[in-house]
Structures are given as structure tokens and as C-alpha cells.
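K.L.:
Below is the structure I would like to discuss, written out as C-alpha cells.
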Amino acid sequence: MVTVEGLTKWYGSQCAVDHISFTARPGEILGFLGPNGAGKSTTMKMVTAYLPQDAGKVTVSGFDTQLYAHETKSRIGYLPEHNPLYKDMYVREFLHFAAGIHRLPKTTSRINDIIEMTGLGKEQHKVIDALSKGYRQRVGLAQAMLHDPEVLILDEPTSGLDMNQLADIRSLIRELGRTKTVILSTHIMQEVQALCDRVVIINEGKLVADDPIGELQNRIKGENLVKVNFLETGFDTARIEKIKGVRKVEAKGISINIYSDAAYDVRPDVFRLCAAEHWVILEMNQEKLSVEYIFQKLTKHTHDA
């Protein structure tokens, strides 16, 4: 388990992380989100004891990271955003090197297992510099998992993966999340919805959300989402926006998202307008607000500044 209490970091006169607190538990995948410059990477570096905090406390598996840095680092598998690899090494050679640092027993057997888990079998005898970005990312993930840590901290772990690789790594992370504490940072909101049990969002160094993924929608009060799929284009979003209660309409091809005041069910008026204008509706549903939309709402003033 990872416990963060009042964590704070200053860079000169700028407070990069401002007294944030949260807990990541075994058996759950925690999504750690925030816009660029929000303090995510700084927080992760403090949690992993690579950067000292100015105030607050982090404990990993019961150990204070500042008092017991060696013990905490041995329990953490860390994949940073900028995956640090020795590119002149072969894949298997690099993993043997990493295993030596951790003083692992039965090194060859463990490396074989990790290579199979991360799908590196066909690439294991290649020089890392010759690998695609996706396979380099797999090597970084293999290195983070090699010593079977209790806690995995993954910063953009699926960066550079193609769709097939993405499915494999998602499945692996989901499986690891059954027994380990996993903190996952990503800018891909679909990744959050697909993998995470809980979401922590920070903005300008401050905590703005800490909720189970299913309850995150409650952060945005008084707003509904209606999704409409049309047979073809030709509908007029400007006219739909004039319907009472509608706040905003987003068009995506032959689909639209209608954001409206919760006090109004806009579906009957939308249907009547579309019928009058002969805009053929294939489907219309009221849905939960997406993680992406909630993220934008909670961090919006950063972009407006």
C-alpha cells in the first residue's frame, strides 16, 4: 500500500505539489491524472524516493520513504515517462543486468517468465536501440516488474504501443492489479476507463478529485449528457444548441454529444426538431459523463489562464 499525506514540493517560489494526500491500495489500479505541469511527475518521483519532499510523508508498505529509502525502492517497480534504457545492450542482457542490481536468485528463470509476460520473446536477442518504441516500452515494463515488487508505478506505460500491443499490455496491467498496488499515470482517458478502479486528479499542484471510477461523474453536478447517432450528416448543431436547457453540442462525424442542464430532459425536444427537419436518428441515449469531459471540467481554469 502507498499512503501520501500532505505531500509538498517547492521549486524556488513555485509550489509544484501543494499538500496532497491519497492512498493507493493492493488489489486496485489507481489512475493518477493531471494536465501538463500539474505536478504528476514530481509527485511520482517523491513517492518513489527519487526526490525529497519539502513537507508531508509518503509510506510504501509501511516504510517511510525518506527514512527507509532502500527498503521502499526495493518494493517499488517504476517505469518513468522517459523510459531510461541502455540502448547498446541486448534485451536479455539488460534484464540480466537489472536482475543483478536487485540480487535476484534464479535469475534466468525469472527473466524467462518476464519475457513471456511482456511479449518480448521474438525480440529478446536484439539490441535495444534496434527496437520500436513500443517494444522499448515493453522492455521498460519488464525491468519494472523483474523483482516482483509489491507496488508498480507506471508513467505513460502504453506510450508508443500499437493496438495489438495495447490490448496485451492492458491485460497484463489488469492482471497485476489484482494482487499489487498499481499507480498509473496517463493522458489517455480511454486507458483510465479501461483499467482504473480509482482516480486521483491534481491541478496546479492541488488535489481536485479522489474517487472510485464509478463515482467520478458525481463531481460534475447539474449536467446531463445525451448522445445522438444520425444516419448521415446534414444536421444543424447550431439549431440544436438553441433548445431549452442545452449548454453545448459536440459533433463527431454522424454523432453528437449534447450537454444540458440536469433540470431538463432535452430528448423530446431534440427528437421533435430532428423529425421536423428529417434528420434521421438511429439512436439516442442519455449517458454518464466521460472521464475525459470530467477531467477537462476539473482542470479547465489551467487552460484558460
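A short reminder: the numbers here are calculations on the coordinates, not readings from a lab. Please read these numbers as outputs of a predicted model, since none were measured by experiment. Glycine gets a Cβ as well: all are built from the backbone with ideal geometry, and neighbour counts include every protein chain shown.
K.L.:
Can you give me the Cα centroid spacing of segment 1-61 and segment 181-246 in angstrom?
P.N.:
Value for the Cα centre distance between the two parts: 24 Å.
K.L.:
Another one. Among TRP279, TRP10, which comes first, second and so on when ranked by fewest other beta-carbon atoms within 10 Å?
P.N.:
TRP10, TRP279
K.L.:
Next question, about the same structure. Arrange THR181, THR8 by Cβ neighbour counts within 10 Å, fewest through most, would you?
P.N.:
THR8, THR181
K.L.:
Of LEU154, LEU172, LEU30, which is the most mobile in a GNM of the chain whose springs link Cα atoms less than 10 angstrom apart?
P.N.:
With Cα springs under 10 Å in the chain, the top fluctuation among LEU154, LEU172, LEU30 is at LEU172.
K.L.:
Then there's this: Count the lysine pairs in segment 221-288 that are 8 or more places apart or on different chains: how many have C-alpha atoms under 15 angstrom apart?
P.N.:
Lysine pairs meeting the criterion: 4.
K.L.:
A follow-up question, please. To test your reading of the geometry: what angle, between 0 and 90 degrees and rounded to tens, separates the Cα axis of helix 91-102 from the longest principal axis of the chain?
P.N.:
The angle comes out at about 70 degrees.
K.L.:
Same structure, new question: Set the Förster radius R0 to 30 Å, insert the Cβ-Cβ distance between LYS288 and ASN164 as r into 1/(1 + (r/R0)^6), and round the FRET efficiency to 0.05.
P.N.:
Result of the calculation: an efficiency of 0.55.
K.L.:
Could you tell me the ratio Rg/Rh of segment 91-214? Both radii from Cα atoms, Rh via Kirkwood.
P.N.:
Result for segment 91-214 is an Rg/Rh of 1.00.
K.L.:
Cut-off is 10 Å between beta-carbons; in what order do MET163, MET145, MET46, MET89 appear when sorted fewest neighbours first?
P.N.:
By the 10 Å Cβ count, ascending, the order reads MET163, MET89, MET145, MET46.
K.L.:
Label 7 Å along Cα→Cβ of ALA276; segment 236-253 residues with amide nitrogen under 13 Å?
P.N.:
239-244
K.L.:
Could you state the angle between the C-alpha long axis of helix 107-117 and the longest principal axis of the C-alpha atoms of the chain, as a value from 0 to 90 degrees rounded to the nearest 10?
P.N.:
Approximately 10 degrees, to the nearest ten.
K.L.:
Return P(r) of segment 221-288 (all Cα-Cα pairs; 10 Å bins starting at 0; whole %; ordered from short to long distances).
P.N.:
Result returned by the calculation: 22, 62, 15, 1.
K.L.:
Next question. Set Lys and Arg Cβ to +1 and Asp and Glu Cβ to -1, take the dipole of the chain about its Cα centre, and tell me which of LEU161, HIS82, ILE29 lies farthest positive.
P.N.:
HIS82
K.L.:
Would you mind classifying segment 168-271 by shape? Square roots of the alpha carbon gyration tensor eigenvalues, ordered a ≥ b ≥ c; an a/c under 1.5 is rounded, otherwise it is prolate if a/b is larger than b/c and oblate if not.
P.N.:
Verdict is prolate for segment 168-271.
K.L.:
Let me ask something else about it. Antiparallel as a % of all DSSP beta bridges within the chain, to the nearest 5?
P.N.:
Close to 70 percent.
K.L.:
Using the C-alpha atoms of segment 1-42, what convex hull volume per residue, in cubic angstrom, is computed?
P.N.:
In segment 1-42, the Cα hull volume divided by residue count equals 66 Å³.
K.L.:
Straight-line reach only, C-alpha to C-alpha below 20 angstrom: list the lysines that LYS40 could link to, leaving out same-chain residues fewer than 8 apart.
P.N.:
LYS9, LYS57, LYS73, LYS206, LYS297, LYS300
K.L.:
Quick one: among ALA55, ALA167, ALA276, which has the greatest mean-square fluctuation in a GNM of the chain with alpha-carbon springs under 10 angstrom?
P.N.:
Largest GNM mean-square fluctuation: ALA276.
K.L.:
Now for a separate question. As a test of understanding, state the convex hull volume per residue of the chain from its alpha carbons, in Å³.
P.N.:
157 Å³
K.L.:
Taking a ≥ b ≥ c as the square roots of the Cα gyration tensor eigenvalues, with a/c under 1.5 meaning rounded and otherwise prolate when a/b beats b/c, else oblate, which class fits segment 1-74?
P.N.:
In terms of gyration-tensor shape, oblate.
K.L.:
Classify segment 132-178 as rounded, prolate or oblate from the Cα gyration tensor: take a ≥ b ≥ c as the square roots of its eigenvalues, call it rounded if a/c is under 1.5, otherwise prolate when a/b beats b/c and oblate if not.
P.N.:
Cα axes put segment 132-178 in the oblate bin.
K.L.:
Relative to the Cα centre, what is the charge dipole magnitude of the chain, using +1 at the beta carbon of each Lys and Arg, -1 at the beta carbon of each Asp and Glu, and rounding to the nearest 20 debye?
P.N.:
Here the size comes out at about 280 debye.
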